[in-house]
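Have a look at the structure below before the remarks.
The values are calculated or read from the model by the stated rules, or taken from the named source; none is laboratory data. As the structure is a prediction and not an experimental result, all values here were calculated from the model. Quick reminder, even Gly has a Cβ in these numbers, built from the backbone with ideal geometry, and neighbours come from all protein chains shown.
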């Protein structure tokens, strides 16, 4: 009766347990070593978040003191700045945590270029809308003619300007208004009419 010694079976069970214990010990040591970097990365992102929130609220307060047409532009600028600051904060925090962000920054640049190229018409309308709201070459109630379209300005938003003419509603892309000559046929009266 030759039986295998009981130590061989025991060794086969103990060896994986020892490997798992060693692996967990190494992971714990690495986590403790990375803890200062993770704390500093979290603090860096928190500072960026606080700055972004402060700037967004500051711009929102400024927007409360301007007319409705410009308020849209201020809100868009505030949201955009907050998003850009948070992206910069995330990249900085990742760098502080020990992550190599060179490839990430290059990828963000290429993604931004591709999105900008794909959305160039929408972005040009948006930017033109912001500039129209800021510079106000015309206002609601003005009768204008641009690129073959004629009507009374009913609304100005970030993407389109709405003209009304002869029972029709015409949505003119803001990029068209920004790049073509605008003829203001008559201006809306801001003073109340008086009966003589």
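Given the conditions (1) under 25 Å from residue 136 (Cβ atoms); (2) assigned to a loop (DSSP other than H, G, I, E, B), and given that residue 60 satisfies all but one, which numbered condition is not satisfied?
Checking residue 60 against (1) under 25 Å from residue 136 (Cβ atoms); (2) assigned to a loop (DSSP other than H, G, I, E, B), the one that fails is (2).
State whether the residues of the stretch 63-81 include one that is in contact with a strand residue (DSSP E or B) (Cβ under 7 Å, 6 or more places away or on another chain), surrounded by 10 or more Cβ atoms within 10 Å (Cβ to Cβ) and under 30 Å from residue 156 (Cβ atoms). Working first, answer last.
Here is the first cut: in the stretch 63-81, the ones in contact with a strand residue (DSSP E or B) (Cβ under 7 Å, 6 or more places away or on another chain) are 69.
Now drop any that are not surrounded by 10 or more Cβ atoms within 10 Å (Cβ to Cβ), which leaves 69.
From what's left, under 30 Å from residue 156 (Cβ atoms): 69.
Yes, the stretch 63-81 contains a residue that is in contact with a strand residue (DSSP E or B) (Cβ under 7 Å, 6 or more places away or on another chain), surrounded by 10 or more Cβ atoms within 10 Å (Cβ to Cβ) and under 30 Å from residue 156 (Cβ atoms).
Out of 128, 114, 60, 90, I need the residue that is outside the structural domain of residue 36 (by TED's automatic domain parsing) and at pLDDT 85 or above. Which one?
128
Among the candidates 105, 146, 101, which residue alone is surrounded by 15 or more Cβ atoms within 10 Å (Cβ to Cβ), closer than 24 Å to residue 42 by Cα and either assigned by TED's automatic domain parsing to the domain that holds residue 175 or without any contact (Cβ under 8 Å) to a residue 24 or more places away in the chain (or both)?
Of the residues listed, the single one that is surrounded by 15 or more Cβ atoms within 10 Å (Cβ to Cβ), closer than 24 Å to residue 42 by Cα and either assigned by TED's automatic domain parsing to the domain that holds residue 175 or without any contact (Cβ under 8 Å) to a residue 24 or more places away in the chain (or both) is 101.
State yes or no: is residue 130 closer than 27 Å to residue 62 by Cα and free of Cβ contacts under 8 Å to residues at least 40 places away in the same chain?
No, not satisfied.
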